[in-house]
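The values are calculated or read from the model by the stated rules, or taken from the named source; none is laboratory data. Just so we're clear, the structure is a prediction, and the values are computed from it rather than from any experiment. Positions of Cβ are generated from backbone atoms using ideal geometry, with glycine treated the same way; all protein chains shown enter the neighbour counts. With ligands, DNA and RNA removed, areas are computed over all heavy atoms of the protein, side chains included. Shrake-Rupley method; radii C 1.70, N 1.55, O 1.52, S 1.80 Å.
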Amino acid sequence: MPLEFYVLLVMLTSFALAVFLGKFPIGVSLALSSIIGALVAGFGFPLRHLVEGTFAYLDPILIITSAMIFMEIIKETGALGEISRLIIIYLHNRPFWMLSLITLFIMFPGMITGLSTAAVLTTGAIVAPALMRLGIPRVQTGSIIAMAALFGMIAPPINVPVMIIGGGVDMPYIGFELPLLFASLPLAIITTTSIGYRYVKSVNIEKIKKDLPESQIDKHGFRLFLPILILIIFMLVTRLIPGKYTALGMPLIFAICCLSAFKSGKAFNYYKVTKRAIKNAMPVMGILVGIGIFIQIMTLTGVRGFLIVKTVQLPSFWLYVGIVVSLPIFGAISSYGASYVLGVPFLLALLGKSEIIVASGLTLIASLGDLMPPTALAGIFAAQVVGESNYFRILKNCLPYAAITALYGIGMILLANVLAKFLIL
Amino acid sequence: MNHHKSLAIFILLLSLILSYFSARSFLSMRENEKYYPSESNTKIKPLSDYFEGIKNTRGDTPVYLFENEQPGGTILILGGTHPDEPASNITTVCLMENLKISSGRVIIIPRANNSGFTHSDPQEGNPQRFYFKTKSGERWFRYGSRSTNPIDQWPDPEVYRHYPSGQKLSGAETRNLNRAYPGRPDGSLTEKITYAIMQLIKDEAVDLAIDIHEASPEYPVVNAIVTHPLAFDLTGEVVLYLQMEDFEFNLEQSPENFRGLSHREWGDHLQIPAILMETACAMHGRYHGSKNADKAITGLDRFYIEADKHELLSVPYPENGIPLKERVGRHLKTIQKILEIWNNYNPEKSIVVENIPDFFEMQEKGVGAFLVSGE
């Protein structure tokens, strides 16, 4: 076995020891195992690479932090509770359509930003209380939000992983609308109705009404929804009228929405809410920093190349197994990273099949990485918005649907040329 | 003071110390390598002379003009569009430090994306410099990033919409110089740089333009000449002659539906024959092993040898790798051939350049032998 294999082994072992024996946080454990890996590979203490790695996920960290603050604020103003009340009152007697609409609603921010976390932390957080009041248990609600957010990230018009793969092979982002809709929408509806329908097919609305929060709209009027309205407007404007003055970036958009929340509903202490939100987001921020360092050292030491070259030279059947296993596992680091590192070689290994369909299928599988620990961005935040302390309960509940998603993605790749006749106009 | 506070202060101090040392390393990226242009060099102008909008930014970059009193045509050669493709910048440096002009003009921009030379890509583990031995000592060159420094242009949008086509690419491509042509005066820094290059081509009445690149050995367009339709006859003949001399090249036409590329937009907007050249760089792809400054020179990577055995690459990857001297030599050979064929068909606009380093001599002596020894 080459040196890279042993370096990988040392990195994984030291990571496990740091987490389980040392009881260090995951982010710190990742950083420690990276330092040990670099030392073993003969790179000494590569300070520049360690620091450079920490910056790899700066943008997602800023988005997550600002989104968490926004979510906490609209919870405090009463806007979240009010939307939950309205959904229950107006949609409780049409369960299938209610779940389908809620699915699309959760998917929406993911569809226009290409980020599953944007979906979980905005629309996911908005519908969570309603779904739980309707009788869907906490874990199942978290699963619906996490899975819908993943499909939102894959659905058109914006699928960033496809763009990343396209960037690696000079494939323009053209003709992906129908393939991506085919990859995401049927699965999204089937998944959420499978998880939630049995709980909402007959609800006792009178009983639920008693537990609903006091109506805030009577006290504050429609200004209660001002921050959410501004968020939707900014998200749409930045994409419908792209330009220098509309390219604000998600963190700034969330910051503006947070400021607009003053006097929109119940009063809140901005300092306390921000502190709480950042405290909640801190573990994930730490993991993202640690992952950045870990990948940088994997690349520097050749471990990344070793893993890729061994994976893509698998024979045909095992290549598909490799796709199903490695894309989500590497996606646990980042689904964008998985698309960048593995998506391009897999696409090249599958040349001869319709590249558009293959790339769509690959990103569908890569999106599952957002469920996988240790980062599990969609899953962990879904657990947070429903108040579930054990994320693994949500992961366990999502696993069958994740498996179906992976098989669906493989099916798309296998039948790429047939599907291309119908889906590429 | 309780235990937690002491620990917090310790971590804070440790962070400050590490920040100090790493900041020194990152700031060292702003130091430029030195060039020693040949006697044919008549002017060095900042790119901002052609578009003021990039003045006093890190997008501004030196433009080297090599001229002769004997009139002729003008060729523009771009290196460093992607500063992590070392053969691109080094080819232009080898040209600048050796060429003699008998007629016409040669304009060279060795650091087309100057901002991209001032940082390195996170997650790529690239070295910051690489070194050549020259006759009297060592010279270093910068290994930069594919994209404009985020310090100069940030944040990236989630989706990059190319101007003016509206083509959508991933957000990070917004800092890719070779996706930003034709650029615009009020756009991002990257778009301003491409706009300035477009203005230069207009103002200097450039007749022919070349953009030098490298790609990973698994990339489908590698060891290739990508040509705008206006240059198709010229490059077709160039490839034919090169193949007769046992240089394998693919001739690719510039894709019509992929916008923002230098060759496509130069040709479409300014009606000049435009060419992009690619060689295979093992530091670039997904299969590479560990990275260091030596590998930038030797181009030798055992995982690429393994990938080649499993037919995962677009070009043959020999046991001794694809060294920088071979990649630079190929680029220089191609430029030489392009000029020869150009001069045959355009005698009134001929660009006669002598003393371009010979491919075979470079394989024998190495790149360092063709670089000025420096101070």
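If you go through region B:284-314 and keep only what is assigned to a loop (DSSP other than H, G, I, E, B) and open to solvent by 10 Å² or more (accessible area, probe 1.4 Å), you end up with B:HIS284, B:ARG286, B:SER290, B:ASN292, B:LEU300, B:HIS310, B:GLU311, B:LEU312, B:LEU313, B:SER314. Count of region A:16-35 residues, restricted to those that are in a helix (DSSP H, G or I) and open to solvent by less than 50 Å² (accessible area, probe 1.4 Å), is 10. Taken over region B:122-139, the residue count meeting the criterion of being modelled with pLDDT of 90 or more, part of a strand (DSSP E or B) and not hydroxyl-bearing (Ser, Thr, Tyr) is 6.
Selection of first residues in region B:343-361 that are under 19 Å from B:GLU67 (Cβ atoms) and of second residues that are open to solvent by 90 Å² or more (accessible area, probe 1.4 Å), restricted to Cβ pairs under 6 Å at least 6 apart or on distinct chains, gives the following pairs, ordered by first then second residue: B:GLU354/B:LYS100; B:ASN355/B:LYS100. For region A:148-156, the condition of being touching a residue at least 12 places away in the same chain (Cβ under 8 Å), touching a helix residue (DSSP H, G or I) at 6+ places or on another chain (Cβ under 8 Å) and not in a helix (DSSP H, G or I) holds for at least one residue. Just wondering, is there one or more residues in region A:217-240 that are within 14 Å of chain B (Cβ to nearest Cβ), touching a strand residue (DSSP E or B) at 6+ places or on another chain (Cβ under 9 Å) and either free of Cβ contacts under 8 Å to residues at least 12 places away in the same chain or over 30 Å from B:GLY289 (Cα atoms) (or both)? Within region A:217-240, one or more residues are within 14 Å of chain B (Cβ to nearest Cβ), touching a strand residue (DSSP E or B) at 6+ places or on another chain (Cβ under 9 Å) and either free of Cβ contacts under 8 Å to residues at least 12 places away in the same chain or over 30 Å from B:GLY289 (Cα atoms) (or both). The listed residues are B:ASN89, B:ASN126, B:ASN98, B:ASN113, and the only one of them that is open to solvent by 10 Å² or more (accessible area, probe 1.4 Å) and not charged (D, E, K, R) turns out to be B:ASN98. In this structure, A:ARG138 does not satisfy being without any contact (Cβ under 8 Å) to a residue 40 or more places away in the chain, away from every other protein chain (no Cβ under 14 Å) and of a type outside the set (Val, Ile, Thr).
Looking across B:ASP152, B:ASP156, one residue alone is more than 14 Å from every other protein chain (Cβ to nearest Cβ) and in contact with a Ser or Thr (Cβ under 9 Å, 6 or more places away or on another chain). It is B:ASP152. Exactly one residue out of A:LEU58, A:LEU86, A:LEU50 is at pLDDT 90 or above, surrounded by fewer than 24 Cβ atoms within 10 Å (Cβ to Cβ) and among the aliphatic types (A, V, I, L, M): that is A:LEU50.
I'm trying to understand the selection: among the residues of region B:117-127, which are touching a Lys or Arg at 6+ places or on another chain (Cβ under 7 Å), of a type outside the set (Asp, Glu) and over 14 Å from B:LYS34 (Cα atoms)? B:THR118, B:GLY125, B:ASN126, B:PRO127, listed by residue number.
Out of all the residues in region B:273-283, which are part of a strand (DSSP E or B) and open to solvent by 10 Å² or more (accessible area, probe 1.4 Å)? Matches in region B:273-283: B:GLU278 only.
Only one of the listed residues (A:ILE165, A:ILE112) is under 26 Å from B:ASP156 (Cβ atoms), touching a Phe, Trp or Tyr at 6+ places or on another chain (Cβ under 9 Å) and either touching a residue at least 24 places away in the same chain (Cβ under 8 Å) or not in a helix (DSSP H, G or I) (or both). That residue is A:ILE165.
Cβ separations smaller than 9 Å between residues 6+ apart or across chains give the following pairs from region A:338-351 residues that are under 26 Å from A:TYR57 (Cβ atoms) to residues that are in a helix (DSSP H, G or I) and of a type in the set (Phe, Trp, Tyr): A:ALA338/A:PHE330; A:VAL341/A:PHE330; A:LEU342/A:PHE330. If you go through region B:315-347 and keep only what is open to solvent by 60 Å² or more (accessible area, probe 1.4 Å) and either within 12 Å of chain A (Cβ to nearest Cβ) or more than 30 Å from B:SER103 (Cβ to Cβ) (or both), you end up with B:PRO316, B:GLU319, B:ASN320.
Only residues that are without any contact (Cβ under 8 Å) to a residue 24 or more places away in the chain and in a helix (DSSP H, G or I) were counted across region A:36-50, and they come to 3.
Could you tell me whether region A:96-104 includes any residue that is closer than 19 Å to A:LEU229 by Cβ and open to solvent by 40 Å² or more (accessible area, probe 1.4 Å)? Taking every residue of region A:96-104 in turn, at least one turns out to be closer than 19 Å to A:LEU229 by Cβ and open to solvent by 40 Å² or more (accessible area, probe 1.4 Å). Of the residues that make up region B:103-120, is at least one part of a loop (DSSP other than H, G, I, E, B) and within 11 Å of chain A (Cβ to nearest Cβ)? Scanning region B:103-120 turns up at least one residue that is part of a loop (DSSP other than H, G, I, E, B) and within 11 Å of chain A (Cβ to nearest Cβ).
Scan (1) under 28 Å from A:GLY221 (Cα atoms); (2) out of contact with any Cys (no Cβ under 8 Å at 6 or more places or on another chain); (3) buried (at least 24 other Cβ atoms within 10 Å of the Cβ) for the single condition A:THR141 breaks and write down its number. The number of the failed condition is (1). Per the listing B:VAL226, B:VAL238, the residue uniquely closer than 18 Å to B:HIS331 by Cβ and within 14 Å of chain A (Cβ to nearest Cβ) is B:VAL226. In the condition set (1) within 14 Å of another protein chain (Cβ to nearest Cβ); (2) more than 19 Å from A:PRO186 (Cβ to Cβ), A:VAL127 is compliant with all but (1). Residues in region A:179-194 that are more than 19 Å from the chain's Cα centre (by Cα) and surrounded by 24 or more Cβ atoms within 10 Å (Cβ to Cβ): A:PRO179 alone.
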